[in-house]
1. Only residues in segment 123-151 that are part of a helix (DSSP H, G or I) count as the first member; pair them with residues that are charged (D, E, K, R) and more than 16 Å from the ligand (Cβ to nearest atom), Cβ under 6 angstrom, at least 6 apart or cross-chain, and list the lot.
2. If you go through segment 137-148 one residue at a time, do you hit one that is surrounded by fewer than 18 Cβ atoms within 10 Å (Cβ to Cβ), more than 16 Å from the ligand (Cβ to nearest atom) and either over 24 Å from Trp445 (Cα atoms) or among the polar types (S, T, N, Q) (or both)?
3. Quick check on my filter: what residues within segment 323-337 are of a type outside the set (D, E, K, R), assigned to a loop (DSSP other than H, G, I, E, B) and either within 15 Å of the ligand (Cβ to nearest atom) or buried (at least 18 other Cβ atoms within 10 Å of the Cβ) (or both)?
4. Let me confirm something: among Thr342, Thr386, which residue is more than 30 Å from Val277 (Cα to Cα) and surrounded by 13 or more Cβ atoms within 10 Å (Cβ to Cβ)?
5. Restricted to segment 49-97, and to residues that are within 19 Å of Pro124 (Cβ to Cβ) and without any contact (Cβ under 8 Å) to a residue 40 or more places away in the chain, which residue is surrounded by the most Cβ atoms within 10 Å (Cβ to Cβ)?
6. Output the qualifying pairs, or none if there are none: Cβ atoms under 7 angstrom, residues six or more apart or on different chains, first residue in segment 226-239 and over 19 Å from Arg436 (Cβ atoms), second residue within 11 Å of the ligand (Cβ to nearest atom) and assigned to a helix (DSSP H, G or I).
7. Any idea which of Ala288, Ala306, Ala271, Ala212 is in contact with a strand residue (DSSP E or B) (Cβ under 6 Å, 6 or more places away or on another chain) and either free of Cβ contacts under 8 Å to residues at least 12 places away in the same chain or not β-branched (Val, Ile, Thr) (or both)?
8. Looking at segment 269-299, which of its residues are buried (at least 17 other Cβ atoms within 10 Å of the Cβ) and part of a helix (DSSP H, G or I)?
Amino acid sequence: MTKPSASLLVLFGATGDLAQRMLLPSLYDLQRDGMLPADLRVLGTSRSALDDAGFREHAAAAIRRQRPGGTDEAPLRALLERLSYCAADTQQPEAMAALAAQAQALRRGDMVSHLSTAPRMYGPICEALGQQGLGGPGSRVMLEKPLGHDLASSIAINDAVARVFDEERVFRVDHYLGKEGVQNLLALRFGNAMFEPLWNARHIQQVQITVAETMGVEGRGDYYDHSGATRDMLQNHLLQLLCLTAMEPPSQFDPSAVRNEKIKVLRSLRAIEGADVASHSVAGQYTAGAIDGQAVPGYGQDLGRASHTETFVALRAHIDNWRWSGVPFYLRTGKRMARRSTEIYLQFRAVPHAIFGASQGAAQPNALVIRLQPEERISLELMSKTPGLDRDGLKLSPVALNLDLNDAFENVRRRSAYERLYLDALEGNGTLFVRRDETETAWQWVDGILGAWRQQGLAPRPYPAGTWGPSQAVSLAERYGHSWRE
Ligand code: BG6
């Protein structure tokens, strides 16, 4: 059930990178479209010594930078009027007391604290919120990833947060869940009758989930080098996409029903551990190469030192349940790859009997491609008769039924993930947020892979920037007669 919208958003890390790139611009977009609750106030906090006016200037500059096409002055001003600021070192009780006093004065009902800080601060901030009387009912907390570095640290953070906030008041952000295309995956699966009967091991031969990026580490080297593609992308975004692709139909679109189905998928993931890791996974690290014709340096050069961190990971995973028995799920993600592409590819099984004989030769299995980024497109690959008189037998050619969602909804603005996630968190709807058991089960699985790499002494394989990853990733699929879609 939707709760009353919160009247206060306290943004920790208000001058940080995420706030500038995503959070403040999303609030502006919501304001422009009249979507923010009328009485919402936003209280920014960080260690930077700013006053309200300084924070408003800072926010306006960030929003203008992110909306180079121009901003509308009236909504920008209206958003700025909602903003206040309180400089605080969250480890200082007096500073937290001052912040709490300001929050109490601004809040007219529920409040949401959005923690966009280093995750090691989540526990102490929640504890301080509790001590200051801001942790009780009507107070929710939004946590950014990464939620820990492994299962143990994730449990420690979750435990510390849980001492103040019960689980239904904890909103763990995975911004992929806020993306339009990701929700469209649910609409496709559960808003149409024709896919579900085919959505299983009897009809699907293999599934591929790719999140390829062309960018490198872009000044985030210190965080990234400590994390790597497996913790940064696989543990969260890819596993969430896997859950939505593979889960059973939930009985309704609500927080418990959806998350109960996702956790079953995570719990059914077969461990990739011990010697299996060599045949079921490949880690890579980019070397110098070219992206869009521009030379780019390798990861070590970007970072300024040599490193063993993987910037690419590919896996052959299995979901050991009735629906997916025997179907490989190939997952891959990497930085500095050939092009930006997030997509889910489902290849169907071949027809059971080829009636057109040898001339059919090139018949390819049907495939459904759900492209989420950069453009949203659904494409169904079919076989068609090649026009002609067919004296040597009927010939088949692959054709595609393409649905370009940007064309289909050309007058509808595409919302950024944080617009939706903010509204949901303000309203207290956790469907598109990650539950504690999901994040911990995902960590457990990922820890198994990382541990096995260490144990087997497997180092990342080099791949030139601008390619689809190390050649070993190609063999990971080809060994089983499958090819990555490129
Ligand atoms: C973030 C990762 O969670 O997702 C980044 O930390 C990555 O490394 C980003 O670049 C990708 O998000 P998007 O929305 O650009 O696909």
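1. Hits for this filter: Leu151/Asp447.
2. Among the residues of segment 137-148, at least one is surrounded by fewer than 18 Cβ atoms within 10 Å (Cβ to Cβ), more than 16 Å from the ligand (Cβ to nearest atom) and either over 24 Å from Trp445 (Cα atoms) or among the polar types (S, T, N, Q) (or both), which makes the answer yes.
3. Trp324, Val327
4. Details: Thr342 fails: more than 30 Å from Val277 (Cα to Cα).
Thr386 is the lone residue from the list that is more than 30 Å from Val277 (Cα to Cα) and surrounded by 13 or more Cβ atoms within 10 Å (Cβ to Cβ).
5. Only one residue tops the list, namely Met96.
6. Sorted first by the residue in segment 226-239, then by its partner, the pairs are Asp232/Tyr224.
7. Values: Ala288 fails: in contact with a strand residue (DSSP E or B) (Cβ under 6 Å, 6 or more places away or on another chain); Ala306 fails: in contact with a strand residue (DSSP E or B) (Cβ under 6 Å, 6 or more places away or on another chain); Ala271 fails: in contact with a strand residue (DSSP E or B) (Cβ under 6 Å, 6 or more places away or on another chain).
Every option except Ala212 fails the conditions.
8. Val277, His280, Tyr299
The values are calculated or read from the model by the stated rules, or taken from the named source; none is laboratory data. Worth saying up front: this structure is predicted, and the values here are computed from it rather than measured. No Cβ is skipped: glycine too gets one built from the backbone with ideal geometry, and neighbour counts run over all protein chains shown.
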